[in-house]
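Contents: one structure, followed by commentary.
Derivation of every value follows stated rules applied to the coordinates shown; laboratory data play no part. Quantities reported herein were computed from a predicted structural model and do not represent experimental measurements. Please note: Cβ atoms are built from the backbone with ideal geometry, for glycine as well, and neighbour counts cover all protein chains shown.
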Amino acid sequence: MGEKEKLLRVRPFNMANFSAGSYYMPLIALLGMLVSLPATALLWLGMARALKKEDGTLDYAILKRRLNRIALPVCLALFVPVAIYLPYQIADLSEILYYLPAVLWGAAVPTVGMYCAIFLSAALLSKKGKLTSGRWLGATLGFSALLIVAGVVVLFLLAGLGDDMAFQAFRMSNTI
């Protein structure tokens, strides 16, 4: 009993499978992506008012100008605080460069993705000549949902890549 045994630190419950590097960053980005769906609908509502022409379709030229002058700056302004906040969810801030692609992607999907969903759906419907507010709402929410699904998959792949790079750097620093 002269030697003290080392106790392993056991992570409780839902933290058991988390890497020390990525911590909660992917989960917070995922929640941001889910919140972006209703935010996209609210942003769409502000853009869709008073744009009807005589034939019932929406005026794409005015809509495009509103999107570029109002929605794009709002989405870019939202990107900045999210991109600043997400790195603080990484356990070891010295490894931030390994997780930078995941952080930027996790910040861009819920913020700039809202603009992309609204703009691309309007452009697609305008090209077909079917730009009405009902179809535009459906297409916007569809694009937004598709962006969220793709965003989640890519986010977890990028976070896993960051984990692998951080682990390789850790292993290389311990072998010397």
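Does Ile90 satisfy being surrounded by fewer than 18 Cβ atoms within 10 Å (Cβ to Cβ) and either closer than 18 Å to Leu31 by Cα or β-branched (Val, Ile, Thr) (or both)?
On the way: surrounded by fewer than 18 Cβ atoms within 10 Å (Cβ to Cβ): no; either closer than 18 Å to Leu31 by Cα or β-branched (Val, Ile, Thr) (or both): yes.
In short, no.
Looking for whichever is over 15 Å from the mean Cα position of the chain (by Cα) and at negative phi here; the options are Gly106, Gly142, Gly151, Gly129. Which one fits? Just a single option satisfies the conditions, and that option is Gly142. Screening the candidates Ala107, Ala150 for the property of being assigned to a helix (DSSP H, G or I), of a type in the set (Gly, Ala, Ser) and surrounded by 18 or more Cβ atoms within 10 Å (Cβ to Cβ) yields one hit, Ala107. Scanning segment 36-56 for residues that are in a helix (DSSP H, G or I), more than 16 Å from Cys116 (Cβ to Cβ) and touching a residue at least 60 places away in the same chain (Cβ under 8 Å) returns a single hit, Ala48.
Suppose we filter segment 121-145 for residues that are charged (D, E, K, R) and in contact (Cβ under 8 Å) with a residue 60 or more places away in the chain; how many remain? If you could, list the steps in order and put the result at the bottom.
Looking only at segment 121-145, we keep the residues that are charged (D, E, K, R), and these are 127-128, 130, 135.
Okay, now just the ones that are also in contact (Cβ under 8 Å) with a residue 60 or more places away in the chain, so 130.
Adding up the residues that qualify gives 1.
For segment 118-147, the set of residues classified as assigned to a helix (DSSP H, G or I) and of a type in the set (Ser, Thr, Tyr) consists of Ser121, Ser126, Ser133, Thr140, Ser144, listed by residue number.
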